[in-house]
Each structure stands twice: as structure tokens, then as C-alpha cells.
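Novice: Let me give you the structure first, and then I'll get to my questions.
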Amino acid sequence: MPGSIRDRVAILGMGCTRFGERWDASAADLLVDSAYKAFEDAGIGPEEIQAAWLGTTTGSTGMVLSEPLRLPYLPITRCENACATASDAFRNACYAVAAGIYDMVLAIGVDKFKDSGISGLGDGGSPGPSHAMVAESTPPRQFAMLATTYFNRYGLSYEEGKHMIGRVSWKSHQNGVRNKNAHFQQPVDLDTIINAPMVAWPLGLYDCCGVSDGSAAAIITTPEIAKARKKDPVFVKALQIAMAPRDGNFNTNFDFLHVEATVRAAERAYEEAGIKNPREEISMAEVHDCFSITEAVTMEDLRFSPRGKVRDDIENGFFDLDGKLPVQVDGGLKCFGHPIGASGLRMLYEMYLQLQGRADELLNPGYPSRQLPNPKLGLTHNLGGSPDGCAIFVGIVGLEGA
Amino acid sequence: MAGIVSYGAYVPYYRLPRAVIADMWGGRGRGEKAVAGFDEDPITMSVAAGLDCLKGIDPRTVDALFLATTCSPYKERQNATIAATALDIKRNARNADFANCLRAGTSALMSADDAIKAGSLGQVLVTAADMRLGGAAGEDEQAFGDGAAAILFGHDNVAVEIEGSYTISEDLADYWRAQDDTFVRHWEDRFGREEGYMKIPQEAANGVLKKLGLELKDIAKVCLTGANARTHAALCRKMKLTPEQTQDTYLDNIGNTGTAQSLMMLVGALEEAKPGDRILLISWGNGSDAIVFKVTDQIENIKNKRGIKGHLQIKKILNSYGRYLRWREMVSMAPPARPPAGAASMSAQWREHATALPLYGVKCKKCGTPQLYLSHSSTRAHVCLECHAKDEFEPYRFADKQGTVTSFSHDFLAGGIDPPTTAAVIDFDGGGRGQFNMVDREQDECKVGMKVEMTFRKMRYTLGAHTYFWKCKPVRD
């Protein structure tokens, strides 16, 4: 690899809105909210921002950001990369600082879906013949195929498979209930999860994340400035994107048991961050749990679990808040919903808070702490598209020296 | 020599017991009727029958497709060319639609035979398909069924010759559908029976027999079409046909298939025919065509089809009248909680014809990998999936390949006319993969590793036009 981002940029501050069905808020309202929370956290004013990267799947141009924030003629790039949109905005902002062009930039993501009048996303396609050929496909259908194949390959009965993926969602709800920024803040028992109405067989309602509104933002600067202004800045260790050539529906080698693009992005990220054994070295992760099976398979793709063995780790609580490698510490997409353009930065926000020991700033009153003991490295992962073809982001952040 | 060189048929998978209709509206129902799926029409059923007929035959050797139906989805747009392209019949084929009359099927047969005998065409495929809709609670709802047949005419290894034909054309309007009618209108049935059906078919039959110097006793099988069992039996008695001579109308187990009935009965007769047999086919609709066929010793060589007999075995009882009404859009459904699908683009559809209709992919000339490039933006592969060679492909057809299910899901969110939508990723025998919707399947029979075959179906309806594409269905024989 010709260069590495490891420890070349730092996060000075972050902000995140409450996620959910924000009937009360427009995209502009959400952007202003997360941006000003990030400014306050970083201890800067908007006038210090030199450039910005905006992630959104529903807006167009950087004016979506410059207009509500009244940013005066700044260079702003609007970025879109499906569910990796926010993370890719962050990645590009980091590169600009690492390149020495700027030393104080904003990466921000937003999406406002709950004005569409429907649950879930649309079919996402544009007119055309091939679109007509794969007519009216839905995300749950595409991800359900991972479950069909996984259950079949590893000899799981329907009940065993449903229990495994149900346990994934159960765990996230256990975490989300403690988070006052989450969309869904109720615990859900495993029987309810397993027996919920079918959305796309074998995925039921609670195997699917919701669609919501939200925004999250990060201020990125140089390590020198960060250390001068903050006692505990968070450093970027790795930023990797991998774009699949949509091989799943074309190529018979694609096994629908794993997502190759995640493997590729993760291995490059581990190399960039100097990580040999992620199961031991990564303290915590926020991964793309658009569907419960996605999270399960991602655990193997990230080498958190051995290939074909994730069921043991899930059922044994390895990824629970008190497990060896907590995943979806904030509740994940399962509890936050998925405003696509914001999700990657929302995940990063949780890693950032945990690394600074501040996770309980968002604790729901009366609930036990969400703060992990001394995390060193946090990983975030996004999967944009569907298993057969997707945009993958894997990023790692950590404390200085980690 | 010229004549029939192959035959095939198609009966839709679902059969609606007439008792299920009677449960809704009262009365008694006996037998069952074949009902086309929500995504089938006379074009797709013609393709299905055509695939059966062209089994083992290179479709590129066919010089024309004559498609007969009274249920064209269009007033202006050729059905035959959509079906011919899906069947991979060549571009310079002399395709034509035969329409507007229940005799259209036999008109197409005679036209095909004439063109072959005249030497102007080498091989002609004739298909007849219908799916007339009966209004709820009416007699036609009980009577009408859906189906198709296909007959290939040519010169080589002729299995059935046409010895002669005789036509009576008479504007006796016992049944009609005006341009904007959904349902068939009738004059008082006694008029049609007494002045029409009980006289004219027999007159046509006598005409052809006299012309050929034959008598009814020389005929092994009479395929006398008919709209209902009682009048059909009455005419058989009047013509003094023996039970052995009388070909099944399939009114009881398929229904009255309109234009397709005569050709489906002919296929049924050919399935049982012996060399030397003579068959008399008599259609009915604003007159009659009577055609005498003579079977040659080649007949045994073309019986490897599903035909009528095979398709009658491949069936699923549809025990829901509501589901039938929904398929036929006879009830107003609650609006879907999904955004409307984007409109199809005619220009893009045309550009991608090679994939959309005959289901061509490509095979890499460098590494030999078959590949079906079904992306959202294009179906034209440029760079090989396997060896990355650029634009080194030859055409490779997938429609005639079977496949194995690699993964699937039953999608309850997508909505549509017949939820859930089953989507499956299938690996084709011989290589190549694609994701397709699966139809004519039971949810609980779907398994990783199950065998499927391709079936041509409607995909969506926008701007007054259908788009068509291939789906997969379980192999059932």
C-alpha cells in the first residue's frame, strides 16, 4: 500500500442528532443540529471550517449544507456511495487533511426519509430494461438470500437459523434501550423477534432495521492541532472502501455465504492499522446490521468469528455489551434506523464516545451504563447495496498509540 | 411433401375447480378450468407452447410465426413478433397475427400449410392461445379456460399432411366482443345453436369429405370444437360420430380455450395417432373450417413433447377464488404501501432486446465462460467476468437451459398482484448465473439445489405497454 492514513488525522469533535421518525425536523434542521453539536464538542466556531464533505442520498449538491449553515463560499463536496455515504464523506475529508490542503474540515451526513409516506425504501431503480427485468426488488429480499444459503450450507434447521439471527437483533435492542438517541428504545424479547410477521422469508420484521431520519457530523484536523486543543482526541487508524463488481448475481463463484467486498476492505484496513488478529485486537464495532443475517455474516467477514462458526459466538454472547467483542454498542441500525447518508458517522460517533469514556452522556436515565471498560480500537463497517453487489466501508479509529 | 413436422401445447399450472366458483356464487360446478397466472397472456402462452413444439429444433430454421388469439393485449403492436423474438426466431421472419375470431387458429393453420406448399416459406410455426375472461358469476366464468397449442409446418420428416380443407364463412354473430368490451356478449343461445353450431360445422365437414372423396368412417378421429358439452354431444350424435372417433374437447378439465381449442384438440389427437390415421378438425366461429389430416409413419418421432397429456399432469389446484379474481384484476385491491415502480423505457427495452426477449447472454471466446449480464443499467457485457477480456464474446442463449437454485427468498414486502414474490439466484447447467423471479411454485417446496427451467412472462405494465422477461419455475417432469 503506497500510503496509510494511520494516525495522520484526528477527530476533534463530533455531533449526532436523535434518530427516528423525526416528523418535527427537516433535513436542514437535522444538519444544523448535528453540525453545531460537533462545533461545540470540538470547541470551534463554524468560521474555522475550511472545507466540508456532505453525505446524503436524497439531496443534491453541497448547497444542501451551505444554505442552512450559511457557510460562506466554502469548498463543499456532496458525496453519495449508498450506505457507505457518510463514511465516504468522512474518508474524503480525512484525505484532504492528510494531504495538507486543509487543517480543519467538516464531514457531515444526513438523510430525511420519513416524508416519503411509506415504510422502508422504494425499489431504488431507475427506468430501463434491466430495471424492468429485476422488477420491484426490495432490500430484504436480497439479504434474505444470505440467510437461505447460510442455513442450508451449515445445516441449520429453520428454527436454529431463526434463533441465531433473532439473537443478533435481541442483543442490539438490549443496547439500544439504554441510548436516548436511538429510534427504538424498547427491549424486545426473543420469542417476539423469532415469531414476527415475515418480510422476506426467512427474515421477519425484527430481522430488518427501520428507516429513519438523522444526521451526524465530525470535525477533522491534524494530530498536532488536535493534541493542542484536546486531551483525548481520537485518531484515524484505517479508512478503506471496496466496491464489488456486482458479482453475486453474475458469477457462480459467489457463494451467498459471505460478502467478498467486506473481506477485501477489512483486510486492507487491518493492514493499514497494523492489526493481525482482529478478534483479539479490536475492542468494539458498529457494523451494518441492515438485517440480522448481514451482521452475522459480517462477523465472519471481519474475522471476528471463524468461518461458519458465528452461531457459537452469537449464542454465547461474545458480541453482547458484556462480551469479549461488543458489537452494535449503541443499538446499531436495528435501533437507530437507517438514514443512509448519516449512518456511517452515527456509528463513528459511538466509537468516538466510547474511546473517550463518554458513552453514558447518551444514557437513558435509570439504565445501567453502556460504557465499555478501556476500549482502544473501534471498527465501523457499512454495506451499501445488496450482498451480490455492494459498496463496503471499513474504518478503524483509536486512541493515540493504539 | 409438406405438412406438420412438430407439435406442442401449454396448459397453465393452476386449475380452478368450478366448485370453488360455485362456492362463491351458488350453483354446482363440475370439473376444473385452467387459469393462466397473473403474469401470463396469449403472447407468453404462445411462447410456452412454442418452446414445447420446438424442443430439439433450431428456432433459427423457422421462417414465420403465425399467432392466433382473440385476447391480444394490444390493438396495435404485433403479438407474433414479441413471441417470435422470445423464441429466438430470426429477424427476417414473416410473422403475422391472426385475430378477432375463434376460427383464427385454423385460419393460421391453413395459411401456414399454403405458404409451405407454395414454397414461399420453409418452416412456419403456428400458435393459438386464448384466455377469455368471463364476468363474475356468469356461465362464461365457469366455461372459459386458458391454454395454447403450437404446430410447426415444414418439408422434412412430415408427420401429418393436410389432405384438404373446406371453409364456410358466415357472419352469424352468436358471440362477439366490441372494441372496448371486457366480456363476451351473446345473442340468445338457441339462435347460435340451431342456426349456427348444429348446421355449419357439419356443412364444412361434409364439404371437405366430399372434396376428398372420403366418408366419416374413413376418419379415425374427429376434433369437433364446441363451446359446451351438451351441444357438442348433440352435434356428435347428429353427425353419427362413434365415441372412439370423438376427440376430447377438454371442456371439463381445461375449459373452453376459444381460439386455442381447435389446435389443442388436434395436438391431443396427434398424441394418440397412428400412422395412416385420418383426423378431421372442425373449428367454429363466424363459420367453420374443416381440415382433413393424414398421419404418416413419422408421427412416433415427434411425440417427445409435454403436449396436452403432459401438461394435464403438471398442475396445482387453485383453491382460492379471491386469488383468481385478483390475478384477473376483477376486484379493486387496497393500494400498495410501496412507491409505484418506474416506467419502462421503450427505447431501452428495444436496445436490450437480445437479453430481454430471447434471453441471450454471452460466452467468452477466450476463457469459455457463459455469462448473463443483468445489471440495472445495461445487459450488454463488455468485460469478461472471469478473464477480463474486453468485447471477446459470442452470443449464448440461456432460455433453453435448466438451472439449479443457489439461493432464494419469498418477498412479502414487494407487493404486486400475487404476493409473496419469490426471487431466486440460479446457476444454469453449463455455466452462468442470474437472479429471476420464480413462479408456479409452492413456497414450502423451494429449496437450495432445486432444479428450475425458464418461462417467459409479463413483468410490468406501464404506459399501456407490458414488458416481458423470463422467470424460472420448478422442473416438474
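Novice: Would you tally the residues in segment B:221-238 being in a loop (DSSP other than H, G, I, E, B) and surrounded by fewer than 19 Cβ atoms within 10 Å (Cβ to Cβ)?
Specialist: 1
Quick grid of which residues meet (1) under 19 Å from A:GLY248 (Cβ atoms); (2) crowded, with 20+ Cβ neighbours inside 10 Å; (3) more than 10 Å from every other protein chain (Cβ to nearest Cβ); (4) of a type in the set (A, V, I, L, M, F, W, C):
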residue	(1), (2), (3), (4)
B:LYS390	no, no, yes, no
B:PRO395	no, no, yes, no
B:PHE398	yes, yes, yes, yes
B:SER407	yes, yes, no, no
B:GLY416	no, no, no, no
B:PRO419	no, no, yes, no
B:VAL425	yes, yes, no, yes
B:GLY430	no, no, yes, no
B:MET438	yes, yes, yes, yes
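Novice: Would you confirm whether or not segment A:231-246 contains a residue that is within 14 Å of chain B (Cβ to nearest Cβ), touching a helix residue (DSSP H, G or I) at 6+ places or on another chain (Cβ under 9 Å) and charged (D, E, K, R)?
Specialist: no
Novice: When you look at B:SER345, is it at pLDDT below 95 and either more than 13 Å from chain A (Cβ to nearest Cβ) or within 21 Å of B:ALA465 (Cα to Cα) (or both), yes or no?
Specialist: yes
Novice: Which of the residues that make up segment B:403-434 are farther than 24 Å from B:TRP327 by Cβ and of a type outside the set (A, V, I, L, M, F, W, C)?
Specialist: B:GLY403, B:THR404, B:THR406, B:SER407, B:ASP427, B:ASP429, B:GLY430, B:GLY431, B:GLY432, B:ARG433, B:GLY434
Novice: Which numbered condition trips up B:ASP146, out of (1) without any contact (Cβ under 8 Å) to a residue 24 or more places away in the chain; (2) closer than 18 Å to B:ALA104 by Cα; (3) of a type outside the set (Gly, Ala, Ser)?
Specialist: (1)
Novice: Turning to a different aspect of this structure: Residues of segment A:173-189 being touching a Gly at 6+ places or on another chain (Cβ under 9 Å), assigned to a loop (DSSP other than H, G, I, E, B) and not aliphatic (A, V, I, L, M), which ones?
Specialist: Matches in segment A:173-189: A:ARG178, A:ASN181, A:HIS183, A:PHE184, A:GLN185, A:GLN186, A:PRO187.
Novice: I'm checking my understanding of the structure. Among residues of segment A:47-77 that are assigned to a loop (DSSP other than H, G, I, E, B), within 23 Å of the chain's Cα centre (by Cα) and touching a residue at least 24 places away in the same chain (Cβ under 8 Å), which one is nearest to A:MET104 (Cα to Cα)?
Specialist: Restricting to residues being assigned to a loop (DSSP other than H, G, I, E, B), within 23 Å of the chain's Cα centre (by Cα) and touching a residue at least 24 places away in the same chain (Cβ under 8 Å), the top hit is A:THR56.
Novice: Another question, if that's okay. Output the residue which, of all residues in segment B:445-469 that are facing another protein chain (nearest Cβ under 10 Å) and at pLDDT 95 or above, is surrounded by the fewest Cβ atoms within 10 Å (Cβ to Cβ).
Specialist: Once the filter is applied, the top-ranked residue is B:GLY449.
Novice: Taking B:LEU214 as the residue in question, decide whether it is in a helix (DSSP H, G or I) and over 24 Å from B:PHE66 (Cβ atoms).
Specialist: No; evaluated as a whole, the condition is false for this residue.
Novice: Can you tell me which of B:THR257, B:THR242, B:THR246 is in contact (Cβ under 8 Å) with a residue 24 or more places away in the chain, surrounded by fewer than 22 Cβ atoms within 10 Å (Cβ to Cβ) and over 20 Å from B:THR167 (Cα atoms)?
Specialist: B:THR246
Novice: Given the condition surrounded by fewer than 20 Cβ atoms within 10 Å (Cβ to Cβ), at pLDDT 95 or above and under 27 Å from the mean Cα position of the chain (by Cα), answer yes or no: does some residue in segment B:191-199 qualify?
Specialist: No, segment B:191-199 contains no residue that is surrounded by fewer than 20 Cβ atoms within 10 Å (Cβ to Cβ), at pLDDT 95 or above and under 27 Å from the mean Cα position of the chain (by Cα).
Novice: Are any residues in segment B:228-246 within 16 Å of B:GLN202 (Cβ to Cβ) and of a type outside the set (Val, Ile, Thr), and if so, which ones?
Specialist: B:HIS232, B:ALA233, B:ALA234, B:LEU235, B:CYS236, B:ARG237, B:LYS238, B:MET239, B:LYS240, B:LEU241, B:GLN245 - these are the residues of segment B:228-246 that are within 16 Å of B:GLN202 (Cβ to Cβ) and of a type outside the set (Val, Ile, Thr).
Novice: Assess whether B:ALA337 counts as being within 14 Å of chain A (Cβ to nearest Cβ) and surrounded by 16 or more Cβ atoms within 10 Å (Cβ to Cβ).
Specialist: no
Novice: Yes or no: segment B:243-262 includes at least one residue that is in contact with a Leu (Cβ under 9 Å, 6 or more places away or on another chain), more than 28 Å from B:VAL11 (Cβ to Cβ) and among the aromatic types (Phe, Trp, Tyr).
Specialist: For segment B:243-262, residues in contact with a Leu (Cβ under 9 Å, 6 or more places away or on another chain), more than 28 Å from B:VAL11 (Cβ to Cβ) and among the aromatic types (Phe, Trp, Tyr): absent.
Novice: Among (1) touching a helix residue (DSSP H, G or I) at 6+ places or on another chain (Cβ under 6 Å); (2) under 22 Å from B:THR70 (Cβ atoms); (3) in contact (Cβ under 8 Å) with a residue 40 or more places away in the chain, which single condition is B:VAL222 missing?
Specialist: Here B:VAL222 clears every test but (2).
Novice: Out of (1) surrounded by 20 or more Cβ atoms within 10 Å (Cβ to Cβ); (2) more than 17 Å from the chain's Cα centre (by Cα); (3) more than 25 Å from A:GLN354 (Cα to Cα), the odd one out for A:ASN81 is which?
Specialist: (2)
Novice: Take the residues in segment B:308-322 that are in a helix (DSSP H, G or I) and in contact with a helix residue (DSSP H, G or I) (Cβ under 7 Å, 6 or more places away or on another chain); name whichever of them is surrounded by the most Cβ atoms within 10 Å (Cβ to Cβ).
Specialist: B:ILE308
Novice: Are any of the residues in segment B:323-331 assigned to a loop (DSSP other than H, G, I, E, B), in contact with a Leu (Cβ under 8 Å, 6 or more places away or on another chain) and without any contact (Cβ under 8 Å) to a residue 60 or more places away in the chain?
Specialist: For segment B:323-331, residues assigned to a loop (DSSP other than H, G, I, E, B), in contact with a Leu (Cβ under 8 Å, 6 or more places away or on another chain) and without any contact (Cβ under 8 Å) to a residue 60 or more places away in the chain: present.
Novice: I need every pair where a residue in segment A:158-169 that is free of Cβ contacts under 8 Å to residues at least 60 places away in the same chain and of a type in the set (Ser, Thr, Tyr) has its Cβ under 9 Å from the Cβ of a residue that is assigned to a helix (DSSP H, G or I) and surrounded by 18 or more Cβ atoms within 10 Å (Cβ to Cβ), sequence separation at least 6 or different chains.
Specialist: A:TYR158/A:PHE151
Novice: Filter segment A:193-237 for residues that are in a helix (DSSP H, G or I) and touching a residue at least 40 places away in the same chain (Cβ under 8 Å); which is surrounded by the most Cβ atoms within 10 Å (Cβ to Cβ)?
Specialist: A:ASP207
Novice: Are any residues in segment A:334-388 in contact with a Lys or Arg (Cβ under 9 Å, 6 or more places away or on another chain) and among the aromatic types (Phe, Trp, Tyr), and if so, which ones?
Specialist: Matches in segment A:334-388: A:PHE336, A:TYR352, A:TYR367.
Novice: Pick from A:MET299, A:MET284: which is over 30 Å from A:LYS37 (Cβ atoms), modelled with pLDDT of 95 or more, away from chain B (no Cβ under 14 Å) and within 17 Å of the chain's Cα centre (by Cα)?
Specialist: Among A:MET299, A:MET284, only A:MET299 is over 30 Å from A:LYS37 (Cβ atoms), modelled with pLDDT of 95 or more, away from chain B (no Cβ under 14 Å) and within 17 Å of the chain's Cα centre (by Cα).
Novice: Evaluate the following for B:ASP181: is it under 28 Å from B:GLY29 (Cα atoms) and part of a loop (DSSP other than H, G, I, E, B)?
Specialist: yes
Novice: Let me ask another. Please determine, by comparing only the residues of segment A:187-204 that are more than 14 Å from every other protein chain (Cβ to nearest Cβ) and aliphatic (A, V, I, L, M), which one is farthest from B:LYS447 (Cα to Cα).
Specialist: Looking at residues that are more than 14 Å from every other protein chain (Cβ to nearest Cβ) and aliphatic (A, V, I, L, M), I get A:VAL188.
Novice: Going by the conditions given, is B:THR81 closer than 25 Å to B:ASP156 by Cβ and either of a type in the set (S, T, N, Q) or surrounded by fewer than 21 Cβ atoms within 10 Å (Cβ to Cβ) (or both)?
Specialist: For B:THR81, the condition - closer than 25 Å to B:ASP156 by Cβ and either of a type in the set (S, T, N, Q) or surrounded by fewer than 21 Cβ atoms within 10 Å (Cβ to Cβ) (or both) - is not met.
The values are calculated or read from the model by the stated rules, or taken from the named source; none is laboratory data. The shown structure was predicted, so the numbers you read here are calculated from the model rather than taken from an experiment. Please note: Cβ atoms are built from the backbone with ideal geometry, for glycine as well, and neighbour counts cover all protein chains shown.
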